[in-house]
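*Asks:* Below you will find the structure I want to go over with you.
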Amino acid sequence: MQSDELKRRISAGRGDALADLVLKNARIVNVFTDEIDTADIAISGNSIVGVGTYHGRKEVDLHGKYVCPGLIDGHIHIESSMLCGPAFEQAVLPHGTTAVVTDPHEISNVAGLEGLDFMLETTKNLTLSVYFMLPSCVPATDLDESGAVLNAEQLRPYYGDPRVLGLAELMNAYGTVRCDPKILQKIRDCTEAGKIVDGHAPLLSDKDLNAYIAAGVQSDHECSDIEEAMEKLRRGQYIMIREGTAAKNMEALMSLFREPYCSRCMLVTDDKHPGDLLDSGHIDSNIRKAIRLGADPAVAVKMATLVPAQYFGFKQHGAVAPGYRADLVVVSDLESFTVEQVYKNGTLVAEHGKTLKPAPLDIDRVRFSHVMDSFDLDEITLQDLELRESGEQERVICLNRGELLTEEKIIPFQRHPGKAPGVDPERNIVKLAVFERHHHSGHVGIGFLGNFSLKCGAVASSIAHDSHNLIVAGDNDTDMMLAGNTVRKNKGGLAFVADGQVVAELALPVAGLMSTESAESVAAKMQALNDALKAHVSGREDIGIFMTLAFVSLPVIPQTQTEYIRHHRCSAAESRSGCFLICDNKNYCRRPTRMVRLRQQNSSFLLLEASRIKRKIDGNSYLINLANVFVKSFFIDFPIFFWEKMGALN
């Protein structure tokens, strides 16, 4: 800051000179004392210079409306909004969000460093401050088949970017506490650069939690009950209380909305769909819900402003006080928390639900050619969807209502006229297929999904956490084929097919994750999809068909019973190099004992000659079943997409 500018601010703060802008008669939410102060707010340049009685070159009488610091979302994946940077800004800025910390994990799994560069480039000139945490796990696990692999050496140069704040959610907690050298190198690079390491460790506890935090992990956003949150708070972690479109943990964690806990907790969304952003809002929606559930409004505001600012090191941000940045939100009252005006750096940037100067989207299609054309997949045929397994039982990935966690069930193999083998409409069991789309491998995984409310037809999506391959669910192969090919034709997106016709679709050509259109346009098309689905679903969807489908393939959400694998293993004896002898187990396997052989390709093991193996990777036991698209370990419970298609086995 120049000496003259500093003198000008001091003079305005003393009242000796007129401030540039004065917000008169404001009720200020004081995040330091949890009080409401009545005063004028004097602004000079981009900073607040005084709170009291002031006059300015421009004065705006707020008539007793409330003023809060600009809201901060400390953990979000912008890709989950299906919007590119400028459209995302237009959706969240009018709701009072002036800064977000994003993890470009999704697009990086598709396009690697090109995807990361795309996000940095398309958000750099926005009014909204967009900060980054570097994706820590691309791919999420070594068993996943993503579009890219990002190692420590590739990420290291990005720590020199001032918008890069650290290493994003460290999903591989198991590898961290067992000193995986690749993970430890990423942690060292981050901490040596003076940056932050965010966590992702659902259900991690006791000494493993101690080891995880000792490695340098400072926060967690996966707490789903108060016992887990309290253990992590006691160990010194910050808790990010998540309330988004899919995961909703706030209600279970409401006892944290008071001292001393609230000073170590912040509000985040993680994933938020465009319709939700436009209709219910962003972090302002989380504040409203917290207040409705009994939180002190000042405390809720503090957890969305001062706490994330302190955690991420945003100096002089997160409060309405002298010397702090003039990022301000004007709300009508603290019950409805309706945002009326938003100021950024002392300038009015949004009012009554609209961004005043929308930023254009400018994409260099040569530099980001892979981002804009990320599908490398042949047209899907009925043969690709053929289930070649035989037997009298099937394993089903069962959804739990309103949760991301799944359960496993073994049931008699289902056969119903007009439905694909294995599908049971009475039990809401559909067929599930995942097609690798990044490397033209032809890999397909087929299985079954229970408690999925689609009654007929098929849905397809290229949003399939974390590797974002093409996932398709339906009750018959013909509709599944058409749904998958519709998404392929659009270079990504969502589709719903019924009776051989495309009923509704949404193209997401940016890495198969995002649209180039406005939030309103994307939300309208998403609404059309949901409306079309209403007549074809049973019961009420808490999360939504497509959001549910996106998380079915998530590698790092564990099963509720993490001890399950210890009591339900097949016996196995290692044979000569590269081979395992698999013994039949009626609870898990629909095949007799057989030999399998593995070969390594692109750092992934491909199963060539059988449907099931048990093997150890870095000391971790895995059970793998191709026909039912499932893997289990002590910390991982997820579908597998990448096994090579098999012919008939003798």
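The values are calculated or read from the model by the stated rules, or taken from the named source; none is laboratory data. These figures come from a predicted structure and were not determined experimentally. As a convention, Cβ positions derive from the backbone with ideal geometry for all residues, glycine included, and neighbour counts pool all protein chains shown. Just so you know, the surface numbers come from the protein's heavy atoms only, side chains and all, with ligands and any DNA or RNA stripped out. Shrake-Rupley method; radii C 1.70, N 1.55, O 1.52, S 1.80 Å.
*Asks:* Taking only the alpha-carbon positions of the stretch 289-417 and ignoring solvent, what does the Debye formula give for the base-10 log of I(q)/I(0) at q = 0.13, 0.15, 0.22 Å⁻¹?
*Replies:* -0.88, -0.94, -1.32
*Asks:* Please sort 253-259, 193-199, 444-450 by packing, taking for each peptide the average over its residues of neighbouring beta carbons within 10 angstrom, highest first.
*Replies:* So the order, starting with the most tightly packed, is 444-450, 193-199, 253-259.
*Asks:* Then there is this: Rounded to a whole number, what % of the accessible area of the stretch 481-525 do carbon and sulfur atoms account for, probe 1.4 Å?
*Replies:* Answer for the stretch 481-525: carbon and sulfur cover 50 percent of the accessible area.
*Asks:* Here is a follow-up. Taking the stretch 314-383, which trypsin sites (Lys or Arg not before Pro) meet the DSSP loop condition and have no more than 13 other C-beta atoms within 10 Å?
*Replies:* Lys315, Arg365, Arg367
*Asks:* Given +1 on the Cβ of Lys and Arg, -1 on the Cβ of Asp and Glu, and no further charges, what dipole in debye does the stretch 1-159 carry about its Cα centre, rounded to the nearest 20?
*Replies:* Magnitude of the dipole: close to 1020 debye.
*Asks:* Can I get the semi-axes of the stretch 81-143's equivalent ellipsoid? Compute them from the C-alpha gyration tensor as square roots of 5 times the eigenvalues, in angstrom, largest first.
*Replies:* 24, 11, 10
*Asks:* Given a cut-off of 12 Å, what percent of all Cα-Cα pairs of the stretch 210-260 lie beyond it?
*Replies:* Cα-Cα pairs of the stretch 210-260 separated by over 12 Å account for 63 percent.
*Asks:* Amide H of Tyr324 versus every other amide H placed in the peptide plane: which residues, excluding those fewer than 5 positions away on the same chain, fall under 5 Å?
*Replies:* Excluding prolines and chain starts, which carry no amide H, the hits are Ile48.
*Asks:* Let me ask another. Can you give the Rg to Rh ratio for the stretch 240-321, taking only C-alpha atoms and Rh from Kirkwood?
*Replies:* Checking Rg against Rh, the ratio lands at 0.96.
*Asks:* Which order, highest average first, do 275-281, 74-80, 347-353 follow once you tally other Cβ atoms within 10 Å for each residue and take the mean per peptide?
*Replies:* 74-80, 275-281, 347-353
*Asks:* What number comes out for the charge environment of Asp499, summing +1 per Lys or Arg and -1 per Asp or Glu over other residues with Cβ under 15 Å away?
*Replies:* -1
*Asks:* Which of the peptides 481-492, 171-182 is most tightly packed, and how do the rest follow, judged by the mean count of other Cβ atoms within 10 Å per residue?
*Replies:* Order by mean packing, descending: 481-492, 171-182.
*Asks:* In whole Hz, what ³J(HN,Hα) sequence does the stretch 521-536 give by Karplus (6.51, -1.76, 1.60; θ = phi - 60°), x for Gly and Pro?
*Replies:* Coupling constants for the stretch 521-536: 5, 5, 5, 5, 5, 5, 5, 4, 4, 5, 5, 5, 6, 4, 7, 10 Hz.
*Asks:* Can you tally the net charge around Pro94? Count Lys and Arg as +1, Asp and Glu as -1, for every other residue whose Cβ sits under 10 Å from the Cβ of Pro94.
*Replies:* For residues surrounding Pro94, the net value is -3.
*Asks:* Return the carbon/sulfur percentage of the accessible area of the stretch 22-119, one whole number, probe 1.4 Å, all protein chains in place.
*Replies:* 44
*Asks:* Would you kindly find the accessible area of Ser369, with a 1.4 Å probe and non-protein molecules such as ligands, DNA and RNA excluded, rounding to the nearest 10 Å²?
*Replies:* Here the accessible area works out near 60 Å².
*Asks:* Quick one: how many Å² of His273 are accessible to a 1.4 Å probe, rounded to 10?
*Replies:* For His273, the solvent-accessible surface is approximately 30 Å².
*Asks:* Which percent of the accessible heavy-atom area of the stretch 173-288 goes to carbon and sulfur, probe 1.4 angstrom?
*Replies:* 48
*Asks:* Now a separate question. Over 28 Å between Cα atoms, which of Lys65/Lys195; Lys7/Lys302; Lys302/Lys525; Lys207/Lys289; Lys186/Lys289; Lys419/Lys534 qualify?
*Replies:* Where the Cα-Cα span goes over 28 Å, the pairs concerned are Lys65/Lys195; Lys7/Lys302; Lys302/Lys525; Lys207/Lys289; Lys186/Lys289.
*Asks:* Could you report the stretch 392-518's accessible area per residue, 1.4 Å probe, as an integer in Å²?
*Replies:* Accessible area per residue: 32 Å².
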